[in-house]
């Protein structure tokens, strides 16, 4: 298994990589074909680089250089290490689904009592079973994005969750990705959540590492479909190890009169990229997507959102905040497209970056593409340092420089965190932000 | 409402897709053989009696161009251009050396008369009287590739200002041209700029010596006349320490079926405390209502604020051309330097506009301001693409950007693609963009008070672009306002 899956150059030994990993990759027949197609698509492009517009600011050929071989399935010591890492991040009263090194770990998971209308399976089970329709959905994400293609080809496990029509889940679902920290390796996962009509759910995703986990790579993807009149609250917390890579994608589709509230916070990982495509497929739906990047050291975090207004009368709100210290580099690319039929669209996007050091960098690219005329669309972007006069005000009242800064930063990111509807989850995000501020010292 | 009524009348006279400047001047012209090769480059250079170093410069650019590929990132679609199917040089056949205006081919003068350009010195623009006397404009008219007449030479000479065709400047002021040409837009800059470097035929050259405030507005009019010629003009403007110059550029082209290529390069340099104000009104033929014909306008414009406290201001009104690919930029190198970009881009019919600016903050306490107003009508696509960046050492950099788009009709598109890059914590950048259509309430209000639908739209649009119009010199502002109304005719109702 000690084969590097992809060098920066395409070609040579690439196609062997899939064959070598073969025994780890569930699914035969059609599934194997899908994997092969996806792998070929990835092999043609290789790792994305800065000459590809979408990856202009996140050059994976320079930052990541290569994709590591798949992590071996976790052994007992690995599970123990993962278990102790989990303690700090467990949410009381949530259904916990734990993936260690890219493999579902039932021992660490907390499935709770069965609930009516809720079905949970692992990706491995689903790929091995013969549900062709479901397989098509699982391989639906577009292979033209090389990192999505790689994920499709190499995914080992993940959760497949179904919420039936009319079922409103009482407990949040919590998917935890843990790197156990054996050898530097890649975990490749994919999860899917399907919400039926009039249903409701809360999903939390956490990315964490056991002590001593080194330069591992997390390649994750999430497929979500939200039925008519359904609602999903989603929180995503990236607290990976400081040497780690996290490359994640999400594809979300909303039916009519659906509601999607999502919040993402990245404070961990050395290099991370979250690319989400949110598409409106039914009228009268609403999306709130908010995000925070908290970076220091040499961290690089990229949030790339694509909102696709394909149908009339949908609203979207994007609020993004970046706090960048030391030599950190924050990237936000937000693209809103309003297609010709999507009249009465109301789309707003606001991105703000706070630079705390002279070596920090923040790049913002808020993009609007509008093909319909009866719309209200706007975006704003600002970049700057902490307000000197506010700092002075706080210092004059006896706060130390650090305390004053911390207070202002908290207020700054608070604007994005505020939007989390669920109280427990909001607290969770606030405490994650606080952890970052405290670590800053 | 006199102005609006006048516009409406005018439009009634000319049909919507009857381009106002669509006439052709039938004069013999002197062309280079079709196609592009080293020989073409040599031909142009020889025609211009250029020194050897200039030919070498062109050839180097040409060789580099051969290794480059056409950029595809802009949101514009056009059939592939066959660069071997174009004439790269076209000049009205010289009958004899031109000494005064009277000797110029009357056909050409008539062309300009139709355009309403005050070529003759006596033709001072109507109604523009400044307290200290009449305001005058020096015109360097470029007819196809050659500057046919440059007026006001004497008075400018007195002030020490050099204003002449660049081909003449290469011969007469080689030291200045050598020092500055290609230093803002290097020959290797981009596909179209490299092509221009190889085959540029003429353009304007301006040098304003230290401490001189140019006594009049300088102006140039470009006109593409010959069939299938690309116009490759090259403009170089230098404002030495403490100098000031305002430069106006207007463009028209006759109606043609085949698309014509226009790949110009404009370079501006300001040294310490100097200022250049560059205004453009571009109303080249946009193609007919089916989207056939029209100019491809692929222009590289860049200003370099080389000195401290210097300033460069771009103002553009873009109403013409089938395709516009244009990003007037400012490199803010000197400390406390300032860059400005004011733009109105109007697209109607099948026009495609991909335009914007780059503000590159390198020096300390540099400031920039971008005001962009895009108006899309018909089935056109209108894109703002801009970059604001502050480098590590650009302490105290400030930028404010506002780009607003107005959509008229449900078949057009308006897009905003800004890049905001901050690498310095003290940089303060603000960017805002909005897109909307004209509010029904406002239109209803106007119509209720007796305005026609078109007049109401004209009123709203003029209000929408007011911020930018105010930046234009007076005589241009009037012309631009009319142009805007004319461009949008036929888009309502």
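A few comments on the model shown:
- Test for residue A:359: is it facing chain B (nearest Cβ under 9 Å) and either within 20 Å of residue A:57 (Cα to Cα) or not in a strand (DSSP E or B) (or both): yes
- Residue B:454 falls short of the stated requirement of being in contact (Cβ under 8 Å) with a residue 12 or more places away in the chain, facing another protein chain (nearest Cβ under 7 Å) and either closer than 27 Å to residue A:339 by Cβ or within 29 Å of the chain's Cα centre (by Cα) (or both).
- Residues of region A:191-236 that are assigned to a strand (DSSP E or B) and within 25 Å of residue A:66 (Cα to Cα): A:191, A:206, A:207, A:208, A:209, A:217, A:218, A:219, A:220, A:221, A:222.
- The residues on offer are A:405, A:434, and the sole one that is more than 30 Å from residue A:56 (Cα to Cα), within 14 Å of chain B (Cβ to nearest Cβ) and assigned to a helix (DSSP H, G or I) is A:405.
- Residue in region A:323-342 that is surrounded by 24 or more Cβ atoms within 10 Å (Cβ to Cβ), in contact with a strand residue (DSSP E or B) (Cβ under 8 Å, 6 or more places away or on another chain), facing chain B (nearest Cβ under 9 Å) and not in a strand (DSSP E or B) present: no
- Residue tally, condition at pLDDT 85 or above, closer than 22 Å to residue B:165 by Cα and surrounded by fewer than 20 Cβ atoms within 10 Å (Cβ to Cβ), over region B:23-51: 6
- Near pairs, Cβ below 7 angstrom, 6+ apart or cross-chain, from region B:63-84 (more than 14 Å from every other protein chain (Cβ to nearest Cβ) and within 18 Å of residue B:40 (Cα to Cα)) to any residue that is at pLDDT 85 or above and in a helix (DSSP H, G or I): B:64/B:194; B:65/B:194; B:65/B:195; B:65/B:198
- Residue selected from region A:408-428 under the condition in contact with a strand residue (DSSP E or B) (Cβ under 6 Å, 6 or more places away or on another chain) and not in a loop (DSSP other than H, G, I, E, B), by the criterion farthest from residue A:384 (Cα to Cα): A:425
- Tally, over region B:371-389, of residues that are in a strand (DSSP E or B) and either closer than 22 Å to residue A:329 by Cα or at the interface with chain A (Cβ under 10 Å from one of its Cβ atoms) (or both): 10
- Test for residue A:354: is it more than 20 Å from the chain's Cα centre (by Cα), away from chain B (no Cβ under 14 Å) and not in a loop (DSSP other than H, G, I, E, B): no
- Number of the condition not met by residue A:64 [criteria: (1) farther than 30 Å from residue A:330 by Cβ; (2) buried (at least 17 other Cβ atoms within 10 Å of the Cβ); (3) modelled with pLDDT of 90 or more]: (1)
- Looking only at region B:416-431, and only at residues there that are buried (at least 24 other Cβ atoms within 10 Å of the Cβ) and part of a strand (DSSP E or B), the one that is farthest from the other protein chains (Cβ to nearest Cβ): B:418
- Test: residue in region B:390-406 that is within 8 Å of chain A (Cβ to nearest Cβ), touching a residue at least 40 places away in the same chain (Cβ under 8 Å) and either buried (at least 17 other Cβ atoms within 10 Å of the Cβ) or touching a strand residue (DSSP E or B) at 6+ places or on another chain (Cβ under 8 Å) (or both): no
- Condition check for residue A:284: part of a loop (DSSP other than H, G, I, E, B), more than 11 Å from chain B (Cβ to nearest Cβ) and over 22 Å from residue A:233 (Cα atoms): no
- Only residues that are part of a loop (DSSP other than H, G, I, E, B), at pLDDT 70 or above and within 15 Å of residue B:284 (Cα to Cα) were counted in region B:204-238, giving 1.
- So residue B:278, is it surrounded by fewer than 24 Cβ atoms within 10 Å (Cβ to Cβ), modelled with pLDDT under 90, out of contact with any helix residue (DSSP H, G or I) (no Cβ under 8 Å at 6 or more places or on another chain) and not in a loop (DSSP other than H, G, I, E, B): no
- Cβ-Cβ under 6 Å pairs, at least 6 apart or on other chains, region A:335-346 side within 15 Å of residue B:411 (Cα to Cα), far side part of a strand (DSSP E or B) and at pLDDT 95 or above: A:337/A:308; A:338/A:309; A:342/A:309
- Residue B:448 satisfies every condition listed in (1) facing another protein chain (nearest Cβ under 8 Å); (2) surrounded by fewer than 18 Cβ atoms within 10 Å (Cβ to Cβ) except (1).
- Members of region B:341-359 that are free of Cβ contacts under 8 Å to residues at least 60 places away in the same chain and surrounded by fewer than 23 Cβ atoms within 10 Å (Cβ to Cβ): B:358
- Number of the condition not met by residue B:361 [criteria: (1) over 24 Å from residue B:458 (Cα atoms); (2) facing another protein chain (nearest Cβ under 10 Å)]: (2)
The values are calculated or read from the model by the stated rules, or taken from the named source; none is laboratory data. Note that the structure is predicted; figures quoted are calculated from it, not measured. Glycine gets a Cβ as well: all are built from the backbone with ideal geometry, and neighbour counts include every protein chain shown.
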